[in-house]
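Report on one structure; see the data block that follows.
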């Protein structure tokens, strides 16, 4: 299943236990993934699934390092 493979990629790239990753997890707040780390996950998914990332506006979703947006997002989520 594709979902299982994506979770496996996230787990391997970020050195996270598979159990800590769910379909409701957010990269930034729940998994502490931003910037370059997120791009590594996207690259692995590109390789695995032959995705076209040309139109992905990465900066619409992730900011440059370091990112302090996570703390604000967490307060908003509460």
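Of note:
- Residues in the stretch 17-32 that are out of contact with any helix residue (DSSP H, G or I) (no Cβ under 6 Å at 6 or more places or on another chain) and assigned to a loop (DSSP other than H, G, I, E, B): 17, 22, 23, 24, 25, 26, 30, 31, 32.
- Residue within the stretch 8-16 that is modelled with pLDDT of 85 or more and in a loop (DSSP other than H, G, I, E, B) present: yes
- The residue of the stretch 47-60 that is farthest from the chain's Cα centre (by Cα), among those that are modelled with pLDDT under 90 and surrounded by 12 or more Cβ atoms within 10 Å (Cβ to Cβ), is 51.
- All positions within the stretch 1-16 that are in contact with a helix residue (DSSP H, G or I) (Cβ under 7 Å, 6 or more places away or on another chain) and under 21 Å from residue 62 (Cβ atoms): 6, 7, 9, 10, 11, 13, 14, 16
- Number of the condition not met by residue 64 [criteria: (1) under 16 Å from the mean Cα position of the chain (by Cα); (2) at pLDDT 80 or above]: (2)
The values are calculated or read from the model by the stated rules, or taken from the named source; none is laboratory data. Predicted model only: the values in this text are computed from it and were never measured. When we count neighbours, we look across all protein chains shown, and the Cβ atoms used for this are built from the backbone with ideal geometry, even at glycine.
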